[in-house]
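Here's the structure we're looking at; comments come further down.
The values are calculated or read from the model by the stated rules, or taken from the named source; none is laboratory data. Note that the coordinates shown come from a computational prediction; the quantities given were computed from them, not determined experimentally. Because the Cβ atoms are built from the backbone with ideal geometry, glycine has one as well, and the counts that use them run over all protein chains shown.
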Amino acid sequence: MMKRCGGVLMHISSLPGEYGIGTLGKGARKFVDFLREGGFGAWQVLPCGPCDSYNSPYSGKSAFAGNKYFIDPEILLEKKLLTAEDVKACSCSDIYVTDYEFLRKTREDIFRRALLHMTDEIKEEAKNFCKENPWAEDYALFCALKKKYENLPWWEWDSALMLREENAMAKAKKELAEDIFFYEFLQYEFFQEWNALKKYANENGVSIIGDMPIYLAHDSADVWANPHLFSLDKSMHLTRCAGVPPDYFCEEGQKWGNPLYNWDNLKKEGYSLWIKRLGHALSMYDAVRIDHFRAFSAFWSIPAEEKATMGRWGKGPGIEFFDALKKVYPDANIIAEDLGDIDDDVRELLRKTDFPGMGVMQFAFITDDDTPHLPHNYTKKTVGYTGTHDNNTLLGWLWESSEGSRNYAMQYCGFNGDWGQGGPHSESIRAVIRTLWRSGALISIVPIQDLCGFGGDTSMNHPGVAKGNWCFRITEDALSSVDKAFYKSLNILYKRYSMK
């Protein structure tokens, strides 16, 4: 497992830049420099796969593919695959949000121009990448068929293709060969850029923590390829779907709409799909946070046509799955997202896996109980957060908390001044961060919004709300306003600094 350190949570999409979204280019390297100068040893990102129509990275179209929008136009220019004019066409006037509408309208057409300038060497490298990563060929075919069928879900394609009949698949591969190669190239390029970024981060003393969604989108390449492993009927429609019961975030629960796993069939196949997923993630990241870990113990199962409150608990695979995983990856650096409706069975599963769990300070002051989220309870088996991508910012949380909870939090953190001031030098926010940093947590992580002292309007996600999420971006000016020297001193003081 990773060493004691401090870290920052910010998704690739939120990086500064002029191209409508953060990319894997110079903005990402500058952020690594920022982390190094602040004495941080970890960068946590959200899932890096292709998003759904609501822009959520937690309901992606592939368990393996990278998000094509993260490909950096300037790197393609350096490789002489795009012209300066092409790169200019990638520019977006709004640098404060991720402009998914602009990206969907423009980016793929611009990237297709790379095919016009491609050398035989790059073509060969892309083909070899796909031979070494068979998922890429299947995902590229899925994307080409989505384009052919004008983005219809795969269960509405011709039945022969929906059922992946051999002759229909062979015919499609032949007819759509050019499109298929284009989507294969995008995956090759994404991972070329990703691997270079990770190498740069590691060389600068920064480990990257990835995030694996537990569920996949119904309309994904993996569900299309493995329908027997999911909760689908003969027509490939959902029978039951994933979500959670009423909780802290949503009084009526949440209905996510992802197909549930058929764990009996997964077991018969030695949990092959899941082990491949985790192996892929472990090759991308230095550590992997598994989202919604509690579903391996028991998962909330909702009838496809009902509300979240009509769900019931179903039995997950338990320790048997993790025993199978550890036979293949005995030293896997995994963090369990053990949040939500947690019971003794989940706690026992976490104990058996020996994975570190999570502590979230914003959950610590809701009651007067001695909860696991209070920093004095954090241990080397805890990754501690001020808040996650699903939480409010610290400033927004302070403003929206009850007076009793806020007073409790401020007293616990040893702060007696004006708690309502934001900005990168906010003393109340620094008091919360300092309290987390001095805890026994193995890794302490703060969202970039909290380093900047931003308000709740910059939250990344509002659980239970479908629209308006995942759009936050930071500017270079905001990033430069952070007092890196202060955080470096904090990392040194609390033994979270290990750089030479």
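I'd like the full set of residues that are β-branched (V, I, T) and either under 19 Å from Y183 (Cα atoms) or without any contact (Cβ under 8 Å) to a residue 60 or more places away in the chain (or both), limited to region 84-111. Let's see the steps before the verdict.
Filtering region 84-111 down to residues β-branched (V, I, T) leaves 87, 95, 97-98, 106, 110.
Those that are β-branched (V, I, T) and either under 19 Å from Y183 (Cα atoms) or without any contact (Cβ under 8 Å) to a residue 60 or more places away in the chain (or both): V87, T106, I110.
As a summary of the residue check, A281 satisfies the conditions (1) over 17 Å from the mean Cα position of the chain (by Cα); (2) outside any loop (DSSP other than H, G, I, E, B) except for the one numbered (1). Here K255 clears all of (1) surrounded by 16 or more Cβ atoms within 10 Å (Cβ to Cβ); (2) free of Cβ contacts under 8 Å to residues at least 60 places away in the same chain; (3) not β-branched (V, I, T); (4) not in a strand (DSSP E or B) except the condition numbered (4).
Taking E150 as the residue in question, decide whether it is over 28 Å from the mean Cα position of the chain (by Cα) and exposed (fewer than 14 other Cβ atoms within 10 Å of the Cβ). For E150, the condition - over 28 Å from the mean Cα position of the chain (by Cα) and exposed (fewer than 14 other Cβ atoms within 10 Å of the Cβ) - is not met.
Criterion first (surrounded by 13 or more Cβ atoms within 10 Å (Cβ to Cβ), modelled with pLDDT of 95 or more, in contact with a strand residue (DSSP E or B) (Cβ under 8 Å, 6 or more places away or on another chain) and not charged (D, E, K, R)) does A201 satisfy it? Yes; evaluated as a whole, the condition is true for this residue. Of the numbered criteria (1) of a type in the set (F, W, Y); (2) within 20 Å of D94 (Cβ to Cβ); (3) in contact with a strand residue (DSSP E or B) (Cβ under 6 Å, 6 or more places away or on another chain), the one W437 fails is (2). What residue, among those in region 465-485 that are surrounded by 17 or more Cβ atoms within 10 Å (Cβ to Cβ) and in contact with a Gly (Cβ under 9 Å, 6 or more places away or on another chain), is nearest to G39 (Cα to Cα)? Ranking the candidates gives K484 first. Annotation note: Cβ proximity below 6 Å between a residue of region 35-58 that is closer than 30 Å to F486 by Cα and a residue that is in a loop (DSSP other than H, G, I, E, B) and of a type in the set (A, V, I, L, M) (sequence gap 6+ or interchain) occurs for L35/V206; W43/V206.
Among the residues of region 378-419, just one is touching a strand residue (DSSP E or B) at 6+ places or on another chain (Cβ under 7 Å) and either part of a helix (DSSP H, G or I) or among the aliphatic types (A, V, I, L, M) (or both), namely V383. None of S444, S428, S498 is part of a loop (DSSP other than H, G, I, E, B) and either under 26 Å from T98 (Cβ atoms) or in contact (Cβ under 8 Å) with a residue 24 or more places away in the chain (or both) except S498. For region 424-437, the tally of residues that are farther than 24 Å from G210 by Cα and either buried (at least 17 other Cβ atoms within 10 Å of the Cβ) or basic (K, R) (or both) stands at 9. If you go through region 361-377 one residue at a time, do you hit one that is assigned to a strand (DSSP E or B), modelled with pLDDT of 95 or more, surrounded by 20 or more Cβ atoms within 10 Å (Cβ to Cβ) and in contact with a Leu (Cβ under 7 Å, 6 or more places away or on another chain)? No, because not a single residue in region 361-377 is assigned to a strand (DSSP E or B), modelled with pLDDT of 95 or more, surrounded by 20 or more Cβ atoms within 10 Å (Cβ to Cβ) and in contact with a Leu (Cβ under 7 Å, 6 or more places away or on another chain). Here W313 passes the criteria (1) closer than 23 Å to K198 by Cβ; (2) assigned to a strand (DSSP E or B) except the one numbered (1). If you check F293, F299, F230 for being within 30 Å of Y497 (Cα to Cα) and surrounded by 21 or more Cβ atoms within 10 Å (Cβ to Cβ), only one passes: F293. Against the list (1) in contact with a Lys or Arg (Cβ under 6 Å, 6 or more places away or on another chain); (2) modelled with pLDDT under 95; (3) closer than 28 Å to T435 by Cβ; (4) hydrophobic (A, V, I, L, M, F, W, C), the condition A308 fails is (3).
State whether the residues of region 190-198 include one that is touching a Cys at 6+ places or on another chain (Cβ under 8 Å) and either among the hydrophobic types (A, V, I, L, M, F, W, C) or at positive phi (or both). Within region 190-198 (the criterion being touching a Cys at 6+ places or on another chain (Cβ under 8 Å) and either among the hydrophobic types (A, V, I, L, M, F, W, C) or at positive phi (or both)), the answer is yes, since at least one residue qualifies.
Contact annotation: residue pairs with Cβ atoms under 7 Å, 6 or more positions apart or on different chains, pairing a residue in region 269-283 that is in contact (Cβ under 8 Å) with a residue 60 or more places away in the chain and closer than 16 Å to A225 by Cα with a partner that is among the hydrophobic types (A, V, I, L, M, F, W, C) and part of a loop (DSSP other than H, G, I, E, B), are R277/A63.
Looking at G39, G22, just one residue is touching a His at 6+ places or on another chain (Cβ under 9 Å) and over 14 Å from G384 (Cβ atoms), and that residue is G22. Within region 210-252, the set of residues being within 28 Å of L282 (Cβ to Cβ), assigned to a loop (DSSP other than H, G, I, E, B) and among the β-branched types (V, I, T) comprises just one member, I214. Scanning for something touching a Lys or Arg at 6+ places or on another chain (Cβ under 6 Å) and within 21 Å of V223 (Cβ to Cβ), does region 322-336 turn up at least one residue? Scanning region 322-336, I find no residue that is touching a Lys or Arg at 6+ places or on another chain (Cβ under 6 Å) and within 21 Å of V223 (Cβ to Cβ), so the answer is no.
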